[in-house]
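Colleague: There's a structure below that I have some questions on.
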Amino acid sequence: DTLNSHSNSVTYLEWAPQYGRSYHMISTCSLDNYVKIWKFDLEYDSKQSNVRIENISQMMNFNNGCSIYRISFNQNGTILC
């Protein structure tokens, strides 16, 4: 599998708080003017554990081509600023 990754350097990475979710969410921002939210799902069975990574959201900054350098989730992990 291939991920739709960033095309330039990642400037910040933020883990969302995990309140009752069965998966982890991570958000990244980059000099390519995109903010992406990734879903990490851990699958366990009796012989091995697998990690499934999925890009669940992608947003572009249209503010005069300015890059985004920092992002943050709220306390519940439901809003990204």
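Colleague: Nothing charged except the Cβ atoms of Lys and Arg (+1) and of Asp and Glu (-1): what's the magnitude of the dipole of the stretch 22-81 about its Cα centre? Round to the nearest 20 debye. Each step should come with its number before you reach the end.
Modeller: On the way: 5 positive and 5 negative charges, 25 e Å.
I would put it at about 120 debye.
Colleague: Can you give me the accessible area per residue for the chain, using a 1.4 Å probe, in Å²?
Modeller: Here the residues of the chain average 71 Å² of exposed surface.
Colleague: Let me ask something additional. Which value in nm describes the separation of the simple spin-label points at Ile79 and Asp41, placed 7 Å from the Cα toward the beta carbon?
Modeller: So the label points at Ile79 and Asp41 sit 2.8 nm apart.
Colleague: Which net charge results for the neighbourhood of Val35, defined as the other residues with beta-carbon distances under 13 angstrom from its beta-carbon, given Lys and Arg at +1 and Asp and Glu at -1?
Modeller: After counting each charged neighbour, the total is 0.
Colleague: I'm a student and want to see the number: the projected area of the Cα convex hull of the chain, averaged over all directions, in nm².
Modeller: 6.2
Colleague: Looking at Gln48, Asn74, Asn8, which one has the Cα that reaches farthest to the positive end of the dipole of the chain (charges on Cβ: Lys, Arg +1; Asp, Glu -1)?
Modeller: Result: Asn74, furthest along the dipole toward the positive end.
Colleague: Along Cα→Cβ, 7 Å out, is where each label goes; now give me the distance between the ones at Tyr19 and Ser57 in nm to one decimal.
Modeller: 1.5
Colleague: With springs only between Cα atoms under 10 Å apart, run a GNM on the chain and tell me which of Asn50, Asn61, Asn33 wobbles the most.
Modeller: Asn50
Colleague: Could you look at the chain and say what percent of its accessible area is carbon and sulfur, using a 1.4 Å probe and all protein chains? Please list the in-between numbers first.
Modeller: On the way: 2800 of 5740 Å².
After summing per-atom areas, the C and S share lands at 49 percent.
The values are calculated or read from the model by the stated rules, or taken from the named source; none is laboratory data. Remember, predicted model here, so these are calculated numbers, not experimental data. Counting neighbours? That spans all protein chains shown, and the Cβs are built from the backbone with ideal geometry, glycine included. For the accessible areas, the whole protein counts, side chains as well, though only heavy atoms, and no ligand, DNA or RNA atoms are used. Shrake-Rupley method; radii C 1.70, N 1.55, O 1.52, S 1.80 Å.
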